[in-house]
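The values are calculated or read from the model by the stated rules, or taken from the named source; none is laboratory data. These numbers come from a predicted model, not from an experiment. Positions of Cβ are backbone-derived with ideal geometry, glycine not excepted, and every protein chain shown enters the neighbour counts. Keep in mind that these areas ignore ligands, DNA and RNA; they rest on the heavy atoms of the full protein, side chains included. Shrake-Rupley method; radii C 1.70, N 1.55, O 1.52, S 1.80 Å.
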Amino acid sequence: LKEIVFVIQSQSNSFHSKRAEDLKKDILKQAADLGKEFPAVLLTHQMDRHEGAWTILPLMKDFSVTYGRNFSWIFFCEEDTRIQVVKLLEILGRFDWSKEWFLGKALYDEESTIIHHYAFAENPTVFKFPDFAAGWALSIPLVNKLAKKLKSEPLKSDFTIDLKHEIALYIWQKGEGPHLTPVPEFCTDDVNSYKADYCATTFSNFLPLCGEPVKKEDVFVAVKTCRKFHGDRIPVVKQTWEREAALIEYYSDYADISIPTVDLGIPNTDRGHCGKTFAILERFLNHTSPRTPWLVIVDDDTLISIFRLRKLLSCYDPNESVFLGERYGYGLGTGGYSYITGGGGMVFSRVAVQKLLASKCRCYSMDAPDDMVLGMCFSGLGIPITHSPLFHQARPMDYPKDYLAHQIPISFHKHWNIDPVKVYFTWLAPNTEESHKGKKVGYNREDL
């Protein structure tokens, strides 16, 4: 056990850091109960010399220097991964750690997808990447090799969009590096599942709930739209999730009383919507009740469950600066920043909006990408991005089924080649809640 380094992919927000600390305590307690020496247990959010520590690869050099001689494995997991240490030791013991190993629960794309830049378009099922929720492991020789490679060959893309896929691609290096070796005992089944005895890891969380869901009136929803989409996108919102929101406004470049939309006086642009988003932030601060602690900004083609979002928000302190959604990264190898991608929905605490607008950070042009500018501003203010995998920038069909199976999703985005109303009622509507007394209850999710 003392030859394994545990790395918990943690976050600095108080709710998440506590969960990561609890997992660390559990690992150390299991070690003590076994009478073993304590392993090293690291939390990525505490490695903040790297703005991009969450992207893992920038840490390889440090891992190699610190653990490259006297250790065998680095085992990565999420804050909600549950580990049976004895079983994990037994499984890692099956592999010769002096060779290069990349172990995990294998995911694959059933069709090529935009979030993976349409990689392996001819047959996307051939490329396997790890489900982080189940835990994944690298042998030290592979860590040392990656550290060396990163020195001479920095990461190609400026963007980090789907980390698990991008790490697997970097390790695979066009077929020269190791493929992911699937380990059936790395599981994402619920801790209480009948399979749990067989698993070295399980996954404990489908949708966090930390007490009563926040009240409907505590969430203000802003929908970004424009005149050309009033006829096709807004009716979808009205048929699906609008009824879940107590406070909702539609912001457009044209006042249409039938919806109704608010004209913010900002013309629509074909590129980014920075000007419009900052106008929405100003309006939230100055024209809504100061007692409304949460703002959600979505696109007119975002499908979202406000019902589930209210549950999730019960875990966050509205007195903290919270900027929540699906996290992407830009230029993290070279001092860039993380940001919340807009299509999946961006959630702000009022405190975060106040701090942002009190700073002088603003759009460098009206059509700059709003989500990236917000990431840059919050990074400059030292306000961390808070990531939740339950928000999705793409459609359900763009994610592996196995990955979505351990989530109760909060949002999906885009209407391309799908029936968005059907997607909403299959995946997001309140009556499709699968969490029943802590157990998962399946329902028919067609291939959407």
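Worth a mention:
- Lys/Arg +1, Asp/Glu -1 at C-beta; the chain dipole; positive extreme among 116, 386, 220: 386
- A cysteine counts as unpartnered when no other cysteine's C-beta lies under 4.7 Å of its own; in the chain this applies to 77, 226.
- Here residue 276 is the anchor, and the lysines within straight C-alpha reach of less than 18 Å, apart from those fewer than 8 places off in the same chain, are 224, 228, 360.
- Cut-off 20 Å (backbone N to label point 7 Å along Cα→Cβ of residue 117), residues of the stretch 385-415: 393-395, 398-400
- Probe 1.4 Å - accessible area at residue 232, Å² to nearest ten: 90
- Accessible area per residue for the chain is 43 Å², calculated with a 1.4 Å probe on protein heavy atoms, without ligands, DNA or RNA.
- Accessible surface of the chain, 1.4 Å probe: 52 percent of it comes from carbon and sulfur atoms.
- Cα gyration tensor category, rounded, prolate or oblate, for the stretch 4-203 with a/c compared to 1.5: rounded
- Computed across the stretch 216-434, the Kirkwood hydrodynamic radius from all distinct Cα-Cα pairs reaches 17.5 Å.
- Amide H contacts under 5 Å for residue 413, placed H, 5+ residues apart: 303, 394, 395
- Residues in the stretch 393-429 reached by a label modelled at residue 239 [backbone nitrogen below 20 Å; 7 Å Cα→Cβ]: 395-397, 411-429
- Euclidean distance between Cα centres, the stretch 70-103 to the stretch 249-301, Å: 48
- Pair residue 174, residue 359: separation of 7 Å Cα→Cβ label points (nm): 4.0
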